[in-house]
Amino acid sequence: MPAMHCRSVFGHAAASFEDVRASVGVPRTASVRQMADLYVREVVFDEPIVTSDGVALGGHHRVTIQRDGRYRYQGHFRATGFPSFDVAILTTVGYTIPIPGVPTPAAAQVAFAAQGRVHGTNEAGDREHTWDTEGVAPLLAAEWQGVRRGQLNRHLEFDTDWFGPAGDVVGFLAQVVALGATFGAAGVAIVIVGEAADLLDVEQIVLPGIVGVVFAGGAAYVLGPSALIPGFIVGAAVTAALITQRPIFPHEEAFAIEVFGPTLPFDRIRLTNLVGFGDRPFTAPGPGGVILVNLGKGFDNPTTYSGKGGDEEGLSAPGQLFIHELTHAWQIANESFTPEYYCRAVATSTGTLGGDMSTYGYGPAGPSWGSFGTEQQGSIVDQWFAGSTDPDERSQQQRPYRAKDDDEQGAAQNPYYRYIRDNIRARVA
């Protein structure tokens, strides 16, 4: 029997074998191999399209998703009488994402779309319009634990074209968010794939002078590869006028170089005052290679700010949040950034310094850098930076050492410095 790599099968989103066992519906006596065989089976979401009485229009839509992120979106519209229709459908597969320490989950909506004209009895032409599109979305593979338990939703419009002016794009995004409200979730991360990604020119509604942020329907979204992540303003309702963005300043570059050396692409980094769910800062790739570092209240003075994204300070060492988020910028720039981090950035303790140590604790020094998760790497770097100045008592491993301890000869040298020297500064991801 061939060997099985559990991490590649179950991924990071599966919290435990017990969670997997429950999700696939097998008894506790089932073997890991049996669970794996069921876990990786394709999932199919399928339902008819039924319109209200008196509307001579119907059809079907079907989404098939594979464990490796491959998808197939199929369906048809059919005019069943008078008149003809221009039809557009938004199909979403929605699933919840637990947020540590927050009772209400977030949600992700994977959005597919199709459009076409069906001819009724009033005119010549095809009475049926079919579509069949395939592709690969890495985020679907990364979020497989949630996707495989997802829920199919749809919104149908006829005699309406979503894919025209910017206002219609706003309407489309608003419908995705509305479908996400089915979950009663704290917010909705949107993944746009297939024809929807091709036809929705979101660049039309990017805010002037603000790279990679879309403002639609009274909400802000950080725009990344095929996905939009909700962004918030700490203590205020989001308006376009309140969203602020800027390049990194020279003194901030010098501050970062003390940790990262010359390994950060400062020309690609832009800081914003946005945060994710729970007022948590996060970092994400944006269009054109930009790296968006969203710092909340740390935006104005990131090198001296000592909070965790909100108004309260004294929760971290000055500049520690900035170093944590720049570690994620380093990951993006050095190709160790994974799709799962991008999708879950809004729903986990991304950006919290050290994170929930029961979830993000990185253990003793020794394992290879690549064996640590994205947030664990961020915690290693920000806690090495802070050392004994870190006020967070959960940061046990590196508080006995001085800040930025690079003493390789002393008896009390910080064993985590090896990751700064051999990985961060050497660009070894």
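Within the group D390, D405, which residue is in the same structural domain as P281 (by TED's automatic domain parsing), over 18 Å from I332 (Cα atoms) and in contact with a Ser or Thr (Cβ under 8 Å, 6 or more places away or on another chain)?
Being in the same structural domain as P281 (by TED's automatic domain parsing), over 18 Å from I332 (Cα atoms) and in contact with a Ser or Thr (Cβ under 8 Å, 6 or more places away or on another chain) holds for just one of D390, D405, which is D390.
Return a yes/no flag: does the range 33-42 have any residue that is at pLDDT 85 or above, surrounded by fewer than 21 Cβ atoms within 10 Å (Cβ to Cβ) and not β-branched (V, I, T). Can you show your working first?
Of the residues in the range 33-42, the ones at pLDDT 85 or above are 41-42.
From what's left, surrounded by fewer than 21 Cβ atoms within 10 Å (Cβ to Cβ): 41-42.
Going one step further and asking which of them are not β-branched (V, I, T), we end up with 41-42.
Looking for residues that are at pLDDT 85 or above, surrounded by fewer than 21 Cβ atoms within 10 Å (Cβ to Cβ) and not β-branched (V, I, T), one finds at least one in the range 33-42, hence yes.
Taking the condition over 32 Å from the mean Cα position of the chain (by Cα) and either among the acidic types (D, E) or surrounded by 22 or more Cβ atoms within 10 Å (Cβ to Cβ) (or both), does D405 pass?
Judged against the criteria, D405 is a match.
Among the residues of the range 307-317 satisfying the criterion of being in contact (Cβ under 8 Å) with a residue 60 or more places away in the chain and surrounded by fewer than 24 Cβ atoms within 10 Å (Cβ to Cβ), which is nearest to Q383 (Cα to Cα)? Please lay out each step first, then the result.
First, the residues of the range 307-317 that are in contact (Cβ under 8 Å) with a residue 60 or more places away in the chain: 309-311, 314-317.
Those left that are additionally surrounded by fewer than 24 Cβ atoms within 10 Å (Cβ to Cβ): 310-311, 314-315, 317.
On the way: G310: 20, D311: 21, G314: 15, L315: 13, A317: 9 Å.
Out of the qualifying residues, it is A317.
Would you point out the residue of the range 279-305, among those that are surrounded by 20 or more Cβ atoms within 10 Å (Cβ to Cβ) and among the hydroxyl-bearing types (S, T, Y), that is nearest to A386 (Cα to Cα)?
Y305
Return yes or no: is A22 at pLDDT below 70 and either under 21 Å from Q145 (Cβ atoms) or surrounded by 15 or more Cβ atoms within 10 Å (Cβ to Cβ) (or both)?
Considered against the rule, which asks whether it is at pLDDT below 70 and either under 21 Å from Q145 (Cβ atoms) or surrounded by 15 or more Cβ atoms within 10 Å (Cβ to Cβ) (or both), A22 comes out as yes.
Residues that are under 30 Å from R280 (Cα atoms) and at pLDDT 85 or above, at least 2 per element: which strands (runs of 3 or more DSSP E) completely within the range 45-151 meet that?
Counting at least 2 such residues, we get 85-99.
Out of the residues in the range 31-88 meeting the condition of being in contact with a Ser or Thr (Cβ under 8 Å, 6 or more places away or on another chain) and β-branched (V, I, T), tell me which one is nearest to A124 (Cα to Cα).
If we take residues in the range 31-88 being in contact with a Ser or Thr (Cβ under 8 Å, 6 or more places away or on another chain) and β-branched (V, I, T), then V63 is nearest to A124 (Cα to Cα).
Listed here are the residues, each with its yes/no results for (1) of a type outside the set (G, A, S); (2) in a helix (DSSP H, G or I); (3) farther than 20 Å from E375 by Cα; (4) assigned by TED's automatic domain parsing to the domain that holds R402.
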site	(1), (2), (3), (4)
G278	no, yes, no, yes
V293	yes, no, no, yes
N301	yes, no, yes, yes
I323	yes, yes, no, yes
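Please go through (1) at pLDDT 85 or above; (2) surrounded by fewer than 20 Cβ atoms within 10 Å (Cβ to Cβ); (3) assigned to a helix (DSSP H, G or I) for A241 and return the number of the only condition it doesn't satisfy.
(1)
Please find, within the range 389-429, the residue that is nearest to P262 (Cα to Cα) out of those that are of a type in the set (S, T, N, Q) and assigned to a helix (DSSP H, G or I).
Keep residues of the range 389-429 that are of a type in the set (S, T, N, Q), which gives 389, 395-398, 409, 413-414, 423.
Narrowing further to those that are assigned to a helix (DSSP H, G or I): 389, 423.
On the way: T389: 25, N423: 13 Å.
My answer is N423.
The values are calculated or read from the model by the stated rules, or taken from the named source; none is laboratory data. In this text the structure is predicted, and so the values were computed from the model without any measurement. No Cβ is skipped: glycine too gets one built from the backbone with ideal geometry, and neighbour counts run over all protein chains shown.
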